[in-house]
1. Any idea how far apart Glu62 and Val34 come out in nm if each label point goes 7 Å out from Cα toward Cβ?
2. Report the per residue volume, in Å³, of the convex hull enclosing the C-alpha atoms of the chain.
3. Give me a comma-separated list of calculated 3J(HN,Hα) values for segment 52-59, in order, Karplus coefficients 6.51, -1.76, 1.60 applied at θ = phi - 60°, integers in Hz, x for any Gly or Pro.
4. Is it possible to state the helix-based mean residue ellipticity at 222 nm for the chain, with each DSSP H run of 4+ residues giving -39500 (n - 2.57), the sum divided by total residues, to the nearest 500 deg cm²/dmol? What is it?
5. Which whole-number percentage describes the relative contact order of the chain, with Cα contacts under 8 Å and a sequence gap of 6 or more?
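Read the figures in this text as sums done on the coordinates, not as results from a lab. A quick note: this is a predicted structure, and the numbers were derived from the prediction, not measured. Methodologically, a virtual Cβ is constructed for each residue, glycine included, from the backbone with ideal geometry; neighbour enumeration extends over all protein chains shown.
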Amino acid sequence: MYGCYALKTQHGSHLVEMKRRMNQQVASKGIQLVIISRPTAYGEYAPYTFIENEEEFEKLVEKMK
């Protein structure tokens, strides 16, 4: 895949816990999870594929190699 998956969410403890959990699942695959506040300011990650919900986002990331 070229670019990245993105999920629009709110900052807070839920986001921190989700990132921590997902990092444990995919870190050994070399997948990097990055939290950014403005996608347009981070063109190096483009193009973005925005995912509708957290469950689908986690499934897609888990399937990445």
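1. Label at Glu62, label at Val34, 2.5 nm between them.
2. Considering the Cα atoms of the chain, their hull volume per residue is 84 Å³.
3. Once θ is set to phi - 60°, the couplings for segment 52-59 become 5, 9, 4, 4, 5, 4, 4, 5 Hz.
4. Roughly -11500 deg cm²/dmol at 222 nm, from the helical runs in the chain.
5. Once divided by the residue count of the chain, the mean separation gives 59 percent.
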